[in-house]
Amino acid sequence: MEKVIYFVRHGQSEDNIAPVFQSVDSPLNDKGRAQAKSIAERVSKISFETLIASLLPRARETAEIVARVTGRKPEYSDLFVERIKPKGISGKSYEDEMANTLWRNWEKSLDTPGMRVADGENFDDIIARADKALTFLKNRIEASIVVVTHGYFLRTVVARALLGNLLSGEIFGRFHRMAQMENTGLTVLKYQTAFEEDYYWRLWIYNDHAHLAE
């Protein structure tokens, strides 16, 4: 069955612009709520059947704003949460020396297969979760779905969809450094076949944020 998945990164959160390692419970700020209203208006013009969102507050709040405009009640899933930081980092200042060291080591573990730092997700974990998320979406009965998620995890899903088992740690790290993403940017993956080709995930739109133009 062909699918179209409209991925939306959450609106700007308070910790997105604060000099801290973002905490899991950081809410949207005023700009983020305005961004969420803009993407909600845009999504309201799309024909979709289901709205799914990450459990984290900044994504939940974005999804709730989309729901108010579109009338689609959100369904929440922990498959689409942001990369899971070590608890010793969350909400800490960039100037905290211990948190900074932990952050740098953890960042390395995200593109080094087999390396683990404290209780944070590593390369193997987040790739496995991206695979589960793509399988989950492929197996849904709906043909069109909006998913509100997070920048790093969304880039992981895109990289995995495009590169599959070719996605080494080195390539993964470079992709994240070079492929940035705007708050409430719209990214579209389609699961479909083509002439003499099997079904694959195909990237149609990446980080379209024209709705934020003033």
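The values are calculated or read from the model by the stated rules, or taken from the named source; none is laboratory data. In this text, all values refer to a predicted model and were calculated from it rather than measured experimentally. Neighbour counts are summed over all protein chains in view; Cβ atoms, including those assigned to glycine, are modelled from backbone coordinates with ideal geometry. Side chains are part of the model used for accessible areas, which takes the heavy atoms of the whole protein and leaves out ligands, DNA and RNA. Shrake-Rupley method; radii C 1.70, N 1.55, O 1.52, S 1.80 Å.
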The stretch 1-122 accessible area per residue, 1.4 Å probe, protein heavy atoms, integer Å², reads 50 Å²
When the charge dipole of the stretch 1-115 is computed with +1 on Lys and Arg Cβ and -1 on Asp and Glu Cβ about the Cα centre, the Cα farthest towards its positive end, among SER44, ALA34, ASN100, belongs to SER44
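Using a/c under 1.5 as the rounded threshold, could you call the stretch 1-113 rounded, prolate or oblate? The axes a ≥ b ≥ c are square roots of the C-alpha gyration tensor eigenvalues, and prolate needs a/b larger than b/c, oblate otherwise.
Cα axes put the stretch 1-113 in the prolate bin.
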The size of the Cβ-based charge dipole (Lys, Arg +1; Asp, Glu -1) of the chain about the Cα centre, to the nearest 20 debye, is 300 debye
Given unit charges at Cβ for Lys, Arg (+) and Asp, Glu (-), the dipole magnitude of the stretch 130-214 about its Cα centre in debye, nearest 20, is 260 debye
Any lysines whose Cα falls less than 21 Å from that of LYS87, other than same-chain ones fewer than 8 residues away, would be LYS108
Among THR193, ALA59, ASN207, the residue whose Cα sits farthest towards the positive end of the charge dipole of the chain, when +1 is placed on the Cβ of each Lys and Arg and -1 on the Cβ of each Asp and Glu, is THR193
Counting only protein heavy atoms and leaving out ligands, DNA and RNA, the solvent-accessible surface of VAL4 at a 1.4 Å probe, in Å² to the nearest 10, equals 20 Å²
The stretch 70-182: relative contact order from alpha carbon pairs under 8 Å, six or more residues apart, as a whole percent, is 27 percent
Carbon and sulfur atoms account, in whole percent of the 1.4 Å probe accessible area of the chain, for 52 percent
Heavy-atom accessible area per residue of the stretch 149-200, all protein chains kept, 1.4 Å probe, expressed in Å², is 49 Å²
Looks like the stretch 56-151, by Cα gyration tensor root eigenvalues a ≥ b ≥ c and the a/c under 1.5 rounded cutoff (else prolate when a/b is bigger than b/c, oblate otherwise), is oblate
